[in-house]
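In what follows, a structure is listed as structure tokens, so that the remarks can point back to it.
The values are calculated or read from the model by the stated rules, or taken from the named source; none is laboratory data. Fair warning: this is a prediction, and the values are worked out from it, not measured in the lab. Virtual Cβ from ideal backbone geometry, glycine too; neighbours counted across all protein chains shown. Each accessible area value is taken on the protein alone, full model and side chains, heavy atoms only, with ligands, DNA and RNA left out. Shrake-Rupley method; radii C 1.70, N 1.55, O 1.52, S 1.80 Å.
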Number of protein chains: 2
Amino acid sequence: MRIDIKEAVKFLRENDDYLILMHASPDGDTLGCGTALCGALQRLGKKAKAVCPEEIPHKFDYLFDAVKAQTFEPKTIVCVDVADTKLLGDMKETGDKAELCIDHHISNTEYAKRTLLDADSAAACEIIYEIINELGVPFDKALANSVYTGTATDTGCFRYSNTTPRTHRIAAEMIGFGADFAGINYTMFELKTKGRIKLEQSALNTIEYYADGHIAVIYAPLSMTESIEDIDSDDIGALANIPRQIQGVDIGICAKEKKKGVYKLSLRSSKLIDCSEIAQLFGGGGHERASGCSFKGGTIEEAVAQVIKACEEACKKAGII
Amino acid sequence: MRIDIKEAVKFLRENDDYLILMHASPDGDTLGCGTALCGALQRLGKKAKAVCPEEIPHKFDYLFDAVKAQTFEPKTIVCVDVADTKLLGDMKETGDKAELCIDHHISNTEYAKRTLLDADSAAACEIIYEIINELGVPFDKALANSVYTGTATDTGCFRYSNTTPRTHRIAAEMIGFGADFAGINYTMFELKTKGRIKLEQSALNTIEYYADGHIAVIYAPLSMTESIEDIDSDDIGALANIPRQIQGVDIGICAKEKKKGVYKLSLRSSKLIDCSEIAQLFGGGGHERASGCSFKGGTIEEAVAQVIKACEEACKKAGII
């Protein structure tokens with residue numbers, strides 16, 4: 001059943017002992033939602049906890065300043081920013097019993113008894129902001145940090161086309177309530193370890209162009225990634241965005257060697273190319289603009305050569321070359 | 001003489017035939033100010049042109065949609081986002097005759113007959129926004145693009161600590177007036193030429209650390225920048241942000257050789273350090289977190305050594321080392 005903000009707030013007022021579920025591979029929006037909603041319910045005198053099926057990266061620790069640890073038997077399950085209970089990993093069965101889901105994904109499967117969906121919100125945190133206001137809980141610095149984090153991270157710090165005037169107005173308010181926005185943005189969007197800088201430097205040395213510069217490839221073989229200290233899978237994953245940022249490139253490929261002889265190729269494309277179709281040719285998948293596929297055996301160059309051939313054909317089909 | 005917004009607007013209403021000067025090494029804020037103010041004055045029926053002493057990178061071409069080319073003999077000189085006429089290059093003498101300066105740099109030398117200074121504005125475009133409102137000129141898409149560009153570029157897309165609730169509220173309004181914010185942000189913050197990628201790769205190879213990793217330096221000598229095709233002053237300017245992104249770095253320095261024997265050192269600092277104080281030691285200036293100074297003669301290493309010494313002292317004073 002679809003419900004509106006007022007109905008969701010009525011439900012939240014009438015119930016207690018909340019278990020708030022945040023999705024696996026947690027990001028700033030689901031964690032911002034979970035901690036802000038949990039904190040707001042606690043400030044109303046209710047019992048609530050926010051949990052995630054996977055370990056939460058330490059850079060998000062500050063979000064939990066918004067909540068107190070409470071011991072109680074949960075009764076009411078609420079999912080935030082969770083489009084499908086498949087995204088709850090080991091907690092899928094718990095999620096299937098959700099009384100309420102608050103989300104902004106148009107693809108929401110409406111698995112919960114009640115769904116508050118606003119697909120025009122850039123971040124689910126924008127909906128949580130409305131709920132907190134409607135609940136009459138005054139914002140403090142901790143709640144503001146949580147709501148700010150969701151709006152900033154889901155919009156690439158207000159860069160992407162999903163950003164709306166409301167996103168900016170909420171950010172303005174959260175800064176007014178003391179959100180440590182500069183610290184949050186530095187952590188989320190700027191901070192790089194010395195290892196990450198070394199990795200980018202090494203990877204940039206490998207860039208190759210194909211199809212008159214419409215295709216660019218960057219490499220991260222084990223010989224590179226194992227020789228650099230102080231990097232993690234997130235650092236290597238971030239390389240995937242580099243080739244597509246280059247002027248004139250319609251398909252960016254990042255080829256990384258995950259284990260000896262096992263290669264993951266990540267694809268990013270401009271709006272002229274559907275790169276999920278290319279990944280599917282090799283048993284992979286993903287979204288139109290971001291996809292990936294894996295190869296076992298042979299060399300990294302052989303894997304790349306196969307994908308480039310498919311990319312060149314896609315470019316020809318699209319009339320780019 | 002310091003004046004307020006109302007006095008500046010009265011002056012702008014009473015005069016005509018404006019020459020609006022934007023600073024050398026033009027950025028999104030000075031260009032956004034110049035084109036927005038010029039466009040607003042033209043919409044009031046006045047004659048105005050906005051000029052810059054240096055070539056303007058093509059990525060800013062869209063800003064000039066806000067203005068019409070007009071032929072006339074300029075009478076009234078207005079400087080925007082120009083803290084010191086030294087920043088006007090070959091147009092310094094013209095700048096010295098400025099009737100009005102509109103700026104947000106605390107280091108403004110008050111060279112103009114009238115100075116409208118608001119150091120609390122993240123971007124000078126925030127002041128131009130107030131002026132356009134006070135002039136009663138309705139915003140359209142072109143003016144909104146100019147004002148949005150200044151606010152976004154001077155705050156690193158709302159990331160930096162200079163961002164205020166007002167910055168976000170202005171951005172919200174400009175998006176409402178049709179600013180092409182997603183396109184602008186892609187161009188300003190993501191798109192890189194092939195040359196830019198090569199430049200970053202070369203510059204990353206030069207990184208040096210000092211003071212236990214609290215200070216990092218990156219170099220862009222002429223031998224590097226002249227050997228790479230397809231880069232402009234903006235690409236070189238963007239290197240300034242790289243060292244401060246590295247974990248543990250409190251002062252990031254980018255040393256570029258502008259002409260043979262002429263060096264510009266850009267400083268970026270964490271909140272523990274006021275880097276405008278450091279730049280001032282060498283005749284430069286800027287903001288607490290972003291400043292710069294110039295050197296003539298000697299080698300780039302000698303210039304860097306002087307600044308590093310001052311940075312180390314600032315780190316000691318701040319108790320960092």
In segment B:274-316, how many are open to solvent by less than 40 Å² (accessible area, probe 1.4 Å), within 22 Å of residue B:222 (Cβ to Cβ) and of a type in the set (Ser, Thr, Tyr)? 0
Those residues of segment B:56-67 which are surrounded by 13 or more Cβ atoms within 10 Å (Cβ to Cβ) and modelled with pLDDT of 95 or more, in sequence order: B:60, B:62, B:63, B:64, B:65, B:66, B:67
Open to solvent by 20 Å² or more (accessible area, probe 1.4 Å), out of contact with any Pro (no Cβ under 8 Å at 6 or more places or on another chain) and not in a loop (DSSP other than H, G, I, E, B): does that describe residue B:227? no
Single condition residue A:305 does not satisfy, out of (1) in contact with a helix residue (DSSP H, G or I) (Cβ under 9 Å, 6 or more places away or on another chain); (2) at pLDDT 95 or above: (1)
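Conditions tested, residue by residue: (1) acidic (Asp, Glu); (2) within 26 Å of residue B:246 (Cα to Cα).
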{"site": "A:218", "(1), (2)": "no, yes"}
{"site": "A:226", "(1), (2)": "yes, yes"}
{"site": "A:259", "(1), (2)": "no, no"}
{"site": "A:273", "(1), (2)": "no, no"}
{"site": "A:285", "(1), (2)": "no, no"}
{"site": "A:288", "(1), (2)": "yes, no"}
{"site": "A:314", "(1), (2)": "no, no"}
Within segment B:71-82, of all residues that are closer than 27 Å to residue B:151 by Cα and not hydroxyl-bearing (Ser, Thr, Tyr), the one surrounded by the most Cβ atoms within 10 Å (Cβ to Cβ) is B:79
Where residue B:224 falls short, out of the listed (1) at pLDDT 95 or above; (2) within 11 Å of chain A (Cβ to nearest Cβ): (2)
Counting only residues that are in contact with a strand residue (DSSP E or B) (Cβ under 9 Å, 6 or more places away or on another chain) and either in a strand (DSSP E or B) or farther than 15 Å from residue B:95 by Cβ (or both), segment B:21-31 contains a total of 4
Looking at segment A:47-55, is at least one residue surrounded by fewer than 21 Cβ atoms within 10 Å (Cβ to Cβ) and either in a helix (DSSP H, G or I) or more than 18 Å from the chain's Cα centre (by Cα) (or both)? yes
Looking only at segment B:175-202, which residues are surrounded by 19 or more Cβ atoms within 10 Å (Cβ to Cβ), assigned to a helix (DSSP H, G or I) and touching a Phe, Trp or Tyr at 6+ places or on another chain (Cβ under 7 Å)? B:175, B:181, B:184
(1) within 24 Å of the chain's Cα centre (by Cα); (2) assigned to a helix (DSSP H, G or I); (3) more than 13 Å from chain B (Cβ to nearest Cβ): which one isn't true of residue A:219, the others all being true? (2)
Quick one: in segment A:143-172, of everything that is of a type in the set (D, E, K, R) and within 7 Å of chain B (Cβ to nearest Cβ), which residue is farthest from residue A:128 (Cα to Cα)? A:159
Going through segment A:169-223 one residue at a time, which ones are in contact with a strand residue (DSSP E or B) (Cβ under 6 Å, 6 or more places away or on another chain) and β-branched (Val, Ile, Thr)? A:197, A:206, A:207, A:215, A:217, A:218
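Residue-wise test of (1) closer than 19 Å to residue A:154 by Cα; (2) touching a Cys at 6+ places or on another chain (Cβ under 8 Å).
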{"position": "A:81", "(1), (2)": "yes, yes"}
{"position": "A:96", "(1), (2)": "no, no"}
{"position": "A:100", "(1), (2)": "no, yes"}
{"position": "A:103", "(1), (2)": "yes, yes"}
{"position": "A:113", "(1), (2)": "no, no"}
{"position": "A:122", "(1), (2)": "yes, no"}
{"position": "A:126", "(1), (2)": "yes, no"}
{"position": "A:131", "(1), (2)": "yes, no"}
Checking the structure you have, find out if any residue of segment B:167-174 is of a type in the set (Ser, Thr, Tyr) and surrounded by fewer than 24 Cβ atoms within 10 Å (Cβ to Cβ). no
Can you name the residue in segment A:231-253 that is over 30 Å from residue A:58 (Cβ atoms) and within 14 Å of chain B (Cβ to nearest Cβ) and, of all such residues, is most open to solvent (accessible area, probe 1.4 Å)? A:247
Run down A:256, A:271 and say which single residue is touching a Lys or Arg at 6+ places or on another chain (Cβ under 8 Å), assigned to a loop (DSSP other than H, G, I, E, B) and either open to solvent by 10 Å² or more (accessible area, probe 1.4 Å) or in contact (Cβ under 8 Å) with a residue 24 or more places away in the chain (or both). A:271
Matching residues in segment B:138-154 (among the hydrophobic types (A, V, I, L, M, F, W, C) and open to solvent by 10 Å² or more (accessible area, probe 1.4 Å)) number 2
Can you tell me which residue within segment B:204-214, out of those that are more than 9 Å from every other protein chain (Cβ to nearest Cβ) and buried (at least 18 other Cβ atoms within 10 Å of the Cβ), is nearest to residue B:250 (Cα to Cα)? B:214
Only residues that are closer than 22 Å to residue A:118 by Cα, out of contact with any Ser or Thr (no Cβ under 8 Å at 6 or more places or on another chain) and surrounded by fewer than 24 Cβ atoms within 10 Å (Cβ to Cβ): list them for segment A:26-46, please. A:26
Please specify each residue of segment B:109-151 satisfying the condition of being closer than 18 Å to residue A:165 by Cα, without any contact (Cβ under 8 Å) to a residue 40 or more places away in the chain and acidic (Asp, Glu). B:140
Every listed condition ((1) surrounded by 20 or more Cβ atoms within 10 Å (Cβ to Cβ); (2) in a helix (DSSP H, G or I)) holds for residue A:157 save (2)
By residue number, the members of segment B:5-23 that are open to solvent by 80 Å² or more (accessible area, probe 1.4 Å) and either touching a Cys at 6+ places or on another chain (Cβ under 9 Å) or acidic (Asp, Glu) (or both) are B:7, B:14
Out of the residues in segment B:174-203 meeting the condition of being at the interface with another protein chain (Cβ under 7 Å from one of its Cβ atoms) and not hydrophobic (A, V, I, L, M, F, W, C), tell me which one is farthest from residue A:215 (Cα to Cα). B:176
Taking residue B:139, is it at the interface with chain A (Cβ under 9 Å from one of its Cβ atoms), out of contact with any Gly (no Cβ under 6 Å at 6 or more places or on another chain) and either in a strand (DSSP E or B) or not polar (S, T, N, Q) (or both)? no
